[in-house]
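Structure record follows, encoded as structure tokens.
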Amino acid sequence: MRTLRAMPAMEPFGVDVLASPYTDAVGSIVDRAFVASAMRGIDAVLHAATLHKPHVESHSRQAFVDVNVSGTLNLLEEAAAQGVRAFVYTSTTSAFGNALTPKAGEPATWITEDVAAIPKNIYGVTKVAAENLCELMHGLFGLPCLVLRTSRFFPEDDDLPERRDAHEDANLKINELLYRRADIADVVDAHLRAVEKAPTLGFGRYVISATTPFTREDLAALPTRAAEVVARRVPGYMDVFARERWTMLDGIDRVYVNDRARRDLGWTPRHDFASSVAKTARGEDYRSELARAVGKKDYHRAR
């Protein structure tokens, strides 16, 4: 919404369950009448409403089904009825679930859109179900619909205490840009490009993550010798890490690959591990201006 409102040609209409300077209508996508009202006159839909993985601890499984599945169906059906030209669904790389983690002694996994999803919790199950609804509605009504499986882009602290305790926040997030994170500015750009491309592409799923420096040849070493591989791919990072008293991850178990999104969407992410290390070396904040402006919002805890 921040980006769209800064674009003169756009007339964005923001919907959220919480009031904010960027919210035009307060309500839930579970409410079909509310969705129908909000959809009037809309040309394209960016559907980012969801219960997230951290909500697994605070919300019921039924709530996940209500919001992530039924809410998505409400939006899709009303969008089809309205004849919108593009529907972009913000999904998650968490949808891959158990497919992300290799067995002990195996190489790191190379995650592209061709990897079959094996959801491991209600969050993943409902996100995959919503993706399938998008594909169904495209098939039934020709609704141009693209699914973006985004990696981590939230600025909030990691939900796992062992990860929070092992690394300073900036250290952890820069490390994650190697294989499982994107800057929010690049995620926004991917969504805007998806809106443009949806009418031509029709339907598709895309991994949205920072461009990794790794290749398939690195996969065998990454689970146990990550620092060695990173030093080979991004020479000089160790000097910056030493100055900041940062550490590299002991091992990396998966690599998200964004090749298809860059090819089909014409997407060029600008933030990655190497650029973030370079910014840190210059004494600059590694995050984009948008990431700094958005800041931490935390997750709503209401049931």
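Per-residue answers, yes or no, for (1) more than 25 Å from Ala117 (Cβ to Cβ); (2) among the aliphatic types (A, V, I, L, M):
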| residue | (1), (2) |
| --- | --- |
| Lys197 | no, no |
| Gly204 | no, no |
| Ala231 | yes, yes |
| Arg270 | yes, no |
Of all the residues that make up the range 190-233, how many are out of contact with any strand residue (DSSP E or B) (no Cβ under 9 Å at 6 or more places or on another chain), buried (at least 18 other Cβ atoms within 10 Å of the Cβ) and among the β-branched types (Val, Ile, Thr)?
3
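Which residue is nearest to Glu135 (Cα to Cα), if the candidates are limited to the range 61-82 and must be of a type in the set (Asp, Glu) and surrounded by fewer than 20 Cβ atoms within 10 Å (Cβ to Cβ)?
Restricting attention to the range 61-82, the residues satisfying the condition of being of a type in the set (Asp, Glu) are 66, 77-78.
Imposing the further condition that a residue be surrounded by fewer than 20 Cβ atoms within 10 Å (Cβ to Cβ) reduces the set to 66, 77.
Numbers: Asp66: 19, Glu77: 12 Å.
Here the residue is Glu77.
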Does Arg205 meet the test of being in contact (Cβ under 8 Å) with a residue 24 or more places away in the chain, of a type outside the set (S, T, N, Q), outside any loop (DSSP other than H, G, I, E, B) and within 22 Å of Thr93 (Cα to Cα)?
yes
Of all residues in the range 18-60 being modelled with pLDDT of 90 or more and among the polar types (S, T, N, Q), which is surrounded by the most Cβ atoms within 10 Å (Cβ to Cβ)?
Thr50
Cross-chain or 6+ apart pairs with Cβ under 8 Å, the range 118-147 first and within 29 Å of Pro102 (Cα to Cα) and without any contact (Cβ under 8 Å) to a residue 60 or more places away in the chain, then assigned to a helix (DSSP H, G or I) and charged (D, E, K, R):
Pro119/Lys127; Val147/Glu131; Val147/Glu135
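Could you go through the range 240-256 and let me know if any residue there is surrounded by 13 or more Cβ atoms within 10 Å (Cβ to Cβ) and farther than 25 Å from Glu156 by Cα. I'd like the intermediate steps shown before the answer.
Filtering the range 240-256 down to residues surrounded by 13 or more Cβ atoms within 10 Å (Cβ to Cβ) leaves 240-241, 244, 246-249, 251-256.
Now narrow it down to the ones that are farther than 25 Å from Glu156 by Cα: none.
Within the range 240-256, none of the residues are surrounded by 13 or more Cβ atoms within 10 Å (Cβ to Cβ) and farther than 25 Å from Glu156 by Cα.
Per-residue answers, yes or no, for (1) at pLDDT below 95; (2) surrounded by 20 or more Cβ atoms within 10 Å (Cβ to Cβ); (3) part of a strand (DSSP E or B):
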position	(1), (2), (3)
Lys103	yes, no, no
Pro107	no, no, no
Val115	no, no, no
Lys120	yes, no, no
Ala130	no, yes, no
Leu136	no, no, no
Leu146	no, yes, yes
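Looking for whichever is in a loop (DSSP other than H, G, I, E, B) and either closer than 21 Å to Lys103 by Cα or in contact (Cβ under 8 Å) with a residue 12 or more places away in the chain (or both) here; the options are Ala210, Ala194. Which one fits? Walk me through how you get there before you give the answer.
Details: Ala194 fails: in a loop (DSSP other than H, G, I, E, B).
Selected residue: Ala210, the only one of Ala210, Ala194 that is in a loop (DSSP other than H, G, I, E, B) and either closer than 21 Å to Lys103 by Cα or in contact (Cβ under 8 Å) with a residue 12 or more places away in the chain (or both).
Do we find that Ala198 is in contact with a Leu (Cβ under 6 Å, 6 or more places away or on another chain) and either modelled with pLDDT under 95 or of a type outside the set (Lys, Arg) (or both) in this structure? Quick ask: steps written out before the conclusion?
Working: in contact with a Leu (Cβ under 6 Å, 6 or more places away or on another chain): yes; either modelled with pLDDT under 95 or of a type outside the set (Lys, Arg) (or both): yes.
Here the answer is yes, as Ala198 does meet what is asked.
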Kindly indicate the residue of the range 169-191 that is under 12 Å from the mean Cα position of the chain (by Cα) and not in a helix (DSSP H, G or I) and also nearest to Lys296 (Cα to Cα) among those meeting that condition.
Asp183
Which one of the conditions (1) surrounded by fewer than 18 Cβ atoms within 10 Å (Cβ to Cβ); (2) in a helix (DSSP H, G or I) does Glu156 fail to meet, given that it meets all the rest?
(2)
Does Ser94 satisfy the criteria of being outside any loop (DSSP other than H, G, I, E, B), under 22 Å from Pro155 (Cα atoms) and in contact (Cβ under 8 Å) with a residue 24 or more places away in the chain?
yes
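The values are calculated or read from the model by the stated rules, or taken from the named source; none is laboratory data. No experiment lies behind these values; they were computed from the predicted model shown. Backbone-built Cβ (ideal geometry, glycine too); neighbour counts: all protein chains shown.
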